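The block underneath contains the structure these notes are about, expressed in structure tokens.
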């Protein structure tokens, strides 16, 4: 956040349904005062959200030769909010070869964050010639 | 040919999967799980976002991850799975007619049945939005399946009606995939979604949330071209002068979920007001002995974690029913929702169980309130328990654990109601 002088930001706390509107006052990007919260979770959340807002990014990537076209993925850890757009652009070009195993690393370093993107679902090989779900599943 | 089984579970979403595993744990050896889709996990598989499992697993998972933990265990269990199998009918004496492309019609007879069919979304037709009938109008869940499973983006310029969690999640999802989300409309004066989703799905992407707004008219011949958006007052009257036309090619509807109970009704079960599912006792047993209901077919949950827990309650009930190890109370206790509460699950307490100390109740309040008490009173109107809450909203299900020891001997009714903090009132 580029705050070169005194500034006030409102951050909605997401820890409970109350959704406190926490006001963060800052000078040159340094927090000078936090008000408007009703519990300690609110201060911690607002401080973190002000300094370095991060999000887990859940999305999908294309699969080659899989029983489904897509595999759902997520960043293994939260990435900076500002990197989400770049991460989506990078993931648009990714193709994963089936079979895919849940937890498998799909991208090692997404958008220069040093954070991995991992599969969140296992995708088996396509069984188009032998498409008998029931035989396969009924033990 | 009629095949006989101990337990047949209808639906292999989170409720059906958890029920199957718990039933095996409770000692059943002949469990069949019927699922109409081609894979296990139900709607969780398209809910690729995180936020699942904090209660049940103590860690934050995506929908497919949550599902796969159960799927892995079910695959290693003795549970017999039939995919792509659609149940057509269940009779009151627990005969099931189903169909699949390999066996054709199949007939099963069960000692106990667990209904775990989930719910479905309300549509444009349920809202009766006037206008033309172009392509590009779909429920948020349908769009979610297109984008997350099939790999199609259903449109580029989107208006979303309804601020429930699916609507909010889909606003972010469409924005991430490059669509322009022009706004989320909510007819109520508050969002029915979680605060976290409002912040992370709308605010993060600069998507406006318009409270007390709805769609007034739909335009477009082949494809949706625009919608009229209009503000409403506190009594839902349309304020004509606020009408504004918004161009869009896609309208997503996130306007409520309906428990999918056609099979339940065909077998003679009545549906309860408020919850939209069949009335059940504390073991999630319906009015038909040996038939249980759990998950979103019973009540629409906002946390899958509670679905899993509820399914386990139903599975233990079914196992005990089959083993005939249950003792009925002399007098059933009817649970009634009182002031401020839309419904309470279970609807009654039927069994005597010395081993249990607490009976967990789920309830939904009728509007947001702060600093209240959930008060339980017996037939005579005496308060037997109360639970303070700093904040309650219709969008977040409340649960209370009622100690069995507090239930007065011989009472036939318990009433749950919302009372304001610090004010002693006498029930009504």
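FYI, it's all coordinate maths here, none of it is from the lab. Remember, it's a predicted structure, so these values are computed and weren't measured experimentally. Methodologically, a virtual Cβ is constructed for each residue, glycine included, from the backbone with ideal geometry; neighbour enumeration extends over all protein chains shown.
Annotations
- Percentage relative contact order, the stretch A:7-51, counting C-alpha pairs under 8 Å, at least six apart: 35
- Semi-axes of the equivalent ellipsoid for the stretch A:58-129, Cα gyration tensor, largest first, Å: 24, 11, 8
- Residue of B:296, B:100, B:342 that the Gaussian network model of chain B assigns the largest fluctuation, springs spanning Cα pairs under 10 Å: B:100
- GNM top mover of B:406, B:161, B:153 - chain B, alpha-carbon springs below 10 Å: B:406
- Hydrodynamic radius by Kirkwood, which averages 1/r over all alpha carbon pairs of the protein assembly as shown, in angstrom: 25.5
- Across the stretch B:209-278, C-alpha contacts under 8 Å between residues 6 or more apart give a mean separation that, scaled by the residue count, equals a relative contact order of 21 percent.
- Gap separating the Cα centres of the stretch A:36-75 and the stretch B:213-234, nearest whole Å: 32
- DSSP finds beta bridges in the protein assembly as shown, and of those with both partners inside it, around 65 percent are antiparallel.
- Under a Gaussian network description of chain A, with springs only between Cα atoms under 10 Å, the residue in A:19, A:103, A:66 that fluctuates furthest is A:19.
- Principal axes of chain B: Cα extent on each, largest first, Å: 64, 63, 39
- Estimated D of chain A in µm² per second, where Rh is the Kirkwood radius over Cα pairs and Stokes-Einstein applies at 37 °C, 0.692 mPa s: 183
- The stretch B:210-288: translational diffusion in µm²/s, Stokes-Einstein, Kirkwood Rh over Cα pairs, 4 °C, 1.567 mPa s: 80
- Prolate/oblate/rounded label for the stretch B:304-428 (Cα gyration tensor, a/c 1.5): oblate
- Every Cα-Cα pair of the stretch A:6-81 was included, and the share exceeding 16 Å stands at 60 percent.
- Neighbouring Cβ atoms from other chains, within 10 Å of the Cβ of residues in A:57-65, number 4 on average.
- The stretch B:123-255: relative contact order as a whole-number percent, Cα under 8 Å and 6+ apart: 33
- From its DSSP helices (H runs of at least four residues, each -39,500 (n - 2.57)), chain B gives a residue-normalised ellipticity at 222 nm of -5000 deg cm²/dmol.
- Relative to the longest principal axis of the Cα atoms of chain A, helix A:40-51 runs at roughly 80 degrees.
- Overall shape: oblate for the stretch B:123-255, with the ratio a/c of the largest to smallest alpha carbon gyration tensor axis at 1.5 or above and b/c at least equal to a/b.
- Listed from fewest to most Cβ neighbours within 10 Å, the set A:39, A:13 follows the order A:39, A:13.
- Across peptide B:60-68, the average count of Cβ atoms from other chains found within 10 Å of a residue's Cβ is 5.
- Number of partner chain Cβ atoms within 10 Å, mean per residue of B:42-49: 3
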